[in-house]
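The values are calculated or read from the model by the stated rules, or taken from the named source; none is laboratory data. Since this is a predicted model, take the numbers as computed values, not measurements. Backbone-built Cβ (ideal geometry, glycine too); neighbour counts: all protein chains shown. Accessible surface areas use protein heavy atoms only, side chains included; no ligands, DNA or RNA. Shrake-Rupley method; radii C 1.70, N 1.55, O 1.52, S 1.80 Å.
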Amino acid sequence: MLTPYESVCSLRSSGGTLVAVPKSRLKSKGDRAFAIRALLLWNDLPEEIMLADSVSSFKSLLKSRFYRLAFM
């Protein structure tokens, strides 16, 4: 189950789009687990991608971001 990230102080990033990442027991394998990495990658996305109106616009924005990261 996904838990929204709640900061102890008021931050600009407290808009409600971040997800709390559980602590892993093992540094060597635990941080590479899908359940951890997927949440870390989600939290690294720009807010405009997280707040996309539809699945197709999410895919388009994500594809554009990956293209920019790879080739620019």
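Entry remark, the stretch 28-70: residues being among the aromatic types (F, W, Y) and under 9 Å from the mean Cα position of the chain (by Cα) number 1 in total.
When residues of the stretch 39-56 are filtered for being free of Cβ contacts under 8 Å to residues at least 12 places away in the same chain and exposed (fewer than 13 other Cβ atoms within 10 Å of the Cβ), how many remain? Talk me through it step by step, then tell me what you get.
Taking the stretch 39-56 and keeping what is free of Cβ contacts under 8 Å to residues at least 12 places away in the same chain, we get 41, 44, 52-56.
Still in the list and also exposed (fewer than 13 other Cβ atoms within 10 Å of the Cβ): 41, 44, 53-56.
Residues in the stretch 39-56 being free of Cβ contacts under 8 Å to residues at least 12 places away in the same chain and exposed (fewer than 13 other Cβ atoms within 10 Å of the Cβ): 6 in total.
Taken as a whole, the condition of being open to solvent by less than 100 Å² (accessible area, probe 1.4 Å), modelled with pLDDT of 90 or more and among the small types (G, A, S) does not apply to A33.
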